[in-house]
Amino acid sequence: MGVRVLRVAERELAELLGNRRYMLAFGVQTLLLLLLLPAFGNLLAEGGASVPAPALEGFIPVGVVVYSQDAGLLLGELEQRRELRVYLYSSPPVEELERGRLAGYLVVPAEYRESGGGGRVVLVLGGSLKAGMLEKAVREALSGVRGELLRRSGGGAGVELVRLFRREVVVQVEERRYSSFFLGYLIPLVLFFPLFMTGGAVIDSTTGEKLRGTLECLLASPVSRGEVVAGKFLALWGFASMQCALWLGVVLALRIPVAEPWSALLVLLGAAASLSSLSMLLGFLAGSHREANLALMLLYIPAFIGVLYTLTASFFTGFSPAYLPGVGVARAVSGGAQVLPALLPQLLLAFIALFACRWALGREELLAGSRPAFRGMLEEAALRGTPTRAGAHLGLLFSPAGFILAVGVELVAAFAALRLLPHPLGIPALVLASAATEEAVKLIPVLLLLRWRPSGAKGVLACAAASALGFFAIETAVALAGAAVLGGAASAYAVAYGRGATLAMHLLATTTAALGLVLGGRSRGVLLFLAGVGVHAAFNLAILGGGAWV
Amino acid sequence: MLASGDVLRMILFERVSKRFGRITALEDVDFRVRRGEVFGLLGENGAGKTTALRILCGVLRPSSGRVVVNGVEVSREPRRVRRMIGYLPEEPSMYERMSAEGLLRFFAGLYGVEDADERIGSLLDMVGLGERAHSKISTFSKGMRQRLSIARALLHEPEVLVLDEPTSGLDPLSARELRRLIAKMSERRTVVLCTHYLQEAEELCHRVGILHRGRLVACGTPEELRRGLREHGVEAPTLEDVFVWYTGDGGAGFKGG
């Protein structure tokens, strides 16, 4: 298997590298990078026309070790500075600094006495780009202290700052101090650019190959669909990764300080894997070059905006969920990167997308050059294999569409219930409407199965259970993603906790509702459907009531 | 277990149906191809010929029924069957930026062909492309591409050759050259040929099957088909007359042997 995957990958890569159009475009862009980055570096150097350093609340974490009994004024000044987040330590937090959790720490020795006219304090700076900002903030705080002491004593008092660097100072190279904006924002953004240049290559390798008919030749040879997907992915991922590595190399060659280049590269490889695999999936599903271009635009534009947003948010507000690749690369550039949290979700996403590619390539309508019709796919799933397997397949396949449909109906129901009904009735009506909507939607694949193929109780129940499982999986993924983005890992964990009860509810409610279709009879069917809705609604009410068990 | 007749039978289509959603491309298609035979599948556009060939090569899966090649069921062991088959699709689609030799080398790698260099050289000579071995495929004419496709299909020395409209769109000289090549190749292997050109079928095929709207409406040697019509009181001196009778209104509901 491995040999055939490598053969496919080798051919794909040779095709990409032999494509003069791509290579010329990439060469020109790299040359522009070589020319423009130093120019931007100069423009945005500290002291030049630099973008103002961010001064938002708590952006710069600083440790303070106070041995002096008389440093209230200094501590007050530090606490007053909005950009600083002050942590007090009993001993120098060397480890915290080295792990990048602090931009630096300030040591106030026992000899320092404000009633005695001040003294020396020691500022130890870390290697991150925030170190420069910290030094500036501390200097300003000390200046405030100095002014106050001078005012009190009438002259002769002062505070002296001794500055130490524990780590290599990444913000000082060849006597040029790049601005934090340049290092913390622009360079990470630049490093992402090559990922968004591979769209044409992906379309050529997927939609193009399908429409040219070469895919048919490939599938008629002893290569499995999985091997075709793996080979193409390896080539496209390798191509995107090579471009990222080259641009990172250019950045390093320009002596622009990147604190952890290997970490940056690893995070970029993760992002390249997820973007390439998702692009491949869209390419395989598209029925024409036009469709493929549109689909990739719809993927790349939000992805690019996402990178832009996370970089902006992490730079200006300190928003830094480690699993976002933008944050991962920004941290790698400035120091303190956490590679695995940034890499693993991307690899997981790539794995899921590749699995979907393998599935998409198995859709035989694709070979006819057209996009598979959803109804056709469902019907084919319903007719293939044993009724139980077909039911399970159909239930899972329908669930993404079912989820979207249910959410749409629930939004309308929510609007209607909350706007039209009087206050105490709105919420219970909405709960009931949501439960009824979701149960009805989850029963659609069961009804389709029964329409297209005679199926017994096992097939119907398998279809209902799979429909419930698929719905639950999508609902969980959406809830976790929303919680993680809005509230961070702790919120996501809180959502994840107790999802087992939700799964049990979905399975119970939907199979109960489907049982009516197995047993037959209109009144029995209605009764069991209402029972399923009742289970669902009771569960939702328990959540609204604050039931911790869910 | 195989019956004794299977030794002589290379290909078996048994009640094969293929549906794409609500569209039925093939319905209950039954035919057998003997070892060493050239079998022609005839039919108008959209009759299901290409679908049948794709199922035979394991590119598509039948919705029902089974296809057996040399005793191996395609849906159970598609990869093994693909090793036995050389497939020439309707469009001679190729990787344009590769050279003829590079393309054959790539497929030789996929099929695990031993002595690939020697085999590639002899095949390119056989199809008359020896001198263009290192030329990019994008510079080839359609006839050259078709010949290169045949070389690709023969690369792993398949026992069965599946040709989908091999002479479609070629000029008369190239078509004649290709027919000569097919006749030569068919000396040592079983060939399933799908074509629009009835003269070509008459010239090359031992037996033909006529597909009409996804159903096999007639099957036999050209002579048997003509005789069959004569027995029904229909005069059909050529295979074209037979084809028109079966695929026009006259053949509706009639099933050949």
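The values are calculated or read from the model by the stated rules, or taken from the named source; none is laboratory data. What you see is a predicted model; the values in this text were computed from it and never measured. Counting neighbours? That spans all protein chains shown, and the Cβs are built from the backbone with ideal geometry, glycine included. For the accessible areas, the whole protein counts, side chains as well, though only heavy atoms, and no ligand, DNA or RNA atoms are used. Shrake-Rupley method; radii C 1.70, N 1.55, O 1.52, S 1.80 Å.
At a threshold of 8 angstrom on Cα-Cα distance, excluding pairs fewer than six apart, so keeping six or more, what relative contact order does the stretch A:210-291 reach in percent? Working shown, then result.
On the way: 24 pairs, mean separation 31.6, N = 82.
It rounds to 39 percent for the stretch A:210-291.
At 1.4 Å probe radius, can you tell me the per residue accessible area of chain A in Å²?
Numbers: 24560 Å² over 550 residues.
Heavy-atom accessible area per residue stands at 45 Å².
Expressed as an acute angle from 0 to 90° and rounded to the nearest 10, what is the orientation of the C-alpha long axis of helix A:374-383 relative to the principal long axis of chain A?
Computed tilt is about 60 degrees.
Taking K and R as +1 and D and E as -1, what net charge do the other residues with C-beta under 13 Å from the C-beta of residue B:136 add up to?
Values: positive: A:20, B:97, B:132, B:145; negative: A:15, B:96, B:101.
Summing Lys/Arg as +1 and Asp/Glu as -1 gives +1.
Between beta-carbons, use under 15 Å as the cut-off and find the net charge around residue A:6, counting Lys and Arg +1, Asp and Glu -1. Walk me through the numbers before you get to the answer.
Values: positive: A:4, A:7, A:11, A:232, B:105; negative: A:10, A:12, A:15, A:227.
Summing Lys and Arg as +1 and Asp and Glu as -1 gives +1.
Per residue, how many Å² of accessible area does chain B show with a 1.4 Å probe? Please list the in-between numbers first.
Details: 11340 Å² over 257 residues.
Counting only protein heavy atoms, the per-residue value for chain B is 44 Å².
For an R0 of 30 angstrom, estimate the FRET efficiency from the Cβ-Cβ distance between residue A:69 and residue A:95 and round to the nearest 0.05. Intermediate values should be presented prior to the final figure.
Working: r = 26 Å, r/R0 = 0.88.
For R0 = 30 Å, the calculated efficiency reads 0.70.
Using alpha-carbon pairs under 8 Å, 6+ residues apart, how would you state the relative contact order of chain A in percent?
On the way: 840 pairs, mean separation 63.3, N = 550.
For chain A, the relative contact order is 12 percent.
With just the Cα atoms defining each centre, how far is the stretch A:229-245 from the stretch A:1-25? Give it in Å.
Centre-to-centre (Cα) distance: 9 Å.
Does anything in the stretch A:401-421 have its amide N under 12 Å from the 7 Å Cα→Cβ label point of residue A:544, and if so which residues?
A:414, A:417-418
What distance in nm separates the simple spin-label points at residue A:87 and residue B:188, each placed 7 Å from Cα in the Cβ direction?
My value for the distance between the label points is 7.7 nm.
Take the Cβ-Cβ distance between residue A:28 and residue A:493 as r, set R0 to 35 Å, and report the resulting FRET efficiency rounded to the nearest 0.05. List each step's numbers first, then the result.
Details: r = 47 Å, r/R0 = 1.33.
The pair residue A:28/residue A:493 has a calculated efficiency of 0.15.
Could you name every residue in the stretch B:75-95 that has 50 Å² or more less accessible surface in the full protein assembly than in its own chain alone (probe 1.4 Å, ligands and nucleic acids excluded)?
B:79, B:82, B:93, B:95
Normalized C-alpha radius of gyration of the protein assembly as shown, against 2.2 N^0.38 Å?
Numbers: Rg = 35.3 Å, N = 807, 2.2 N^0.38 = 28.0 Å.
Dividing the Cα Rg of the protein assembly as shown by 2.2 N^0.38 Å gives 1.26.
Where does the Debye-calculated log10 I(q)/I(0) of the stretch B:4-251 sit at q = 0.08, 0.14 Å⁻¹, using only Cα point scatterers of equal weight, no solvent?
-0.31, -0.94
Of the cross-linked pairs A:442/B:18; B:18/B:184; A:210/B:136; A:210/B:142; A:232/B:184; B:49/B:184, which ones have a Cα-Cα span greater than 27 Å in the structure shown? Write out the running numbers ahead of the final one.
Working: A:442/B:18 29 Å; B:18/B:184 33 Å; A:210/B:136 21 Å; A:210/B:142 19 Å; A:232/B:184 37 Å; B:49/B:184 23 Å.
Cα-Cα > 27 Å for A:442/B:18; B:18/B:184; A:232/B:184; rest within.
Whole Å is fine, so just give me how far the alpha carbon centre of the stretch B:73-92 lies from that of the stretch B:147-197.
Cα centroid of the stretch B:73-92 versus Cα centroid of the stretch B:147-197: 15 Å apart.
Among the DSSP beta bridges whose two residues both lie in the protein assembly as shown, what percent are antiparallel, rounded to the nearest 5? Please report the intermediate quantities before stating the final value.
Numbers: 28 of 67 bridges.
About 40 percent, rounded to the nearest 5.
Keeping the other protein chains in place, figure out the carbon and sulfur percent of the accessible area of chain B, with a 1.4 Å probe. Show your work: numbers first, answer last.
Values: 5270 of 11340 Å².
That fraction is 47 percent.
How big is the B/A interface in buried accessible area, both sides summed, 1.4 Å probe, to the nearest 100 Å²? Don't skip to the end; give the middle numbers.
Values: alone 12850 and 26040 Å², together 35890 Å².
Answer for the B-A pair: about 3000 Å² buried.
Relative contact order for the stretch A:375-544 using alpha-carbon pairs under 8 Å, separation at least 6, rounded to a whole percent? Write out the running numbers ahead of the final one.
Numbers: 229 pairs, mean separation 45.0, N = 170.
Answer for the stretch A:375-544 is 26 percent.
Karplus couplings for the stretch B:191-202 from phi (6.51 cos²θ - 1.76 cosθ + 1.60, θ = phi - 60°), rounded to Hz, Gly and Pro as x?
10, 10, 10, 10, 8, 8, 8, 6, 5, 5, 5, 5
How large is the convex hull of the C-alpha atoms of the stretch A:219-375 per residue, in Å³? Could the numbers behind the result be given before it?
Details: hull volume 20.2 nm³, N = 157.
Spread over its residues, the Cα hull of the stretch A:219-375 gives 129 Å³ apiece.
Taking the 0 to 90 degree range and rounding to the nearest ten, how far is the long axis of helix A:522-544 tilted relative to the main principal axis of chain A, both from C-alpha atoms?
10 degrees
Let me know the longest stretch in chain A that avoids all trypsin sites (Lys or Arg not before Pro) found in a DSSP loop with at most 13 other C-beta atoms within 10 Å.
Details: sites that count: A:82, A:99, A:255.
With a cap of 13 other Cβ atoms within 10 Å, the longest stretch comes to A:256-550.
Grab the beta carbon distance between residue B:168 and residue A:291, set R0 = 35 Å, and tell me the FRET efficiency rounded to 0.05. All intermediate terms of the calculation are to be shown ahead of the outcome.
Values: r = 27 Å, r/R0 = 0.79.
FRET efficiency, residue B:168 to residue A:291: 0.80.
With a 1.4 Å probe and all protein chains left in place, how much of the accessible area of the stretch A:375-544 comes from carbon and sulfur atoms, in whole percent?
Numbers: 6250 of 8240 Å².
Result for the stretch A:375-544: 76 percent of the exposed heavy-atom area is carbon or sulfur.
Given H placed 1.01 Å from N in the peptide plane, which residues other than close sequence neighbours of residue B:212 have an amide H under 5 Å from its amide H?
B:217
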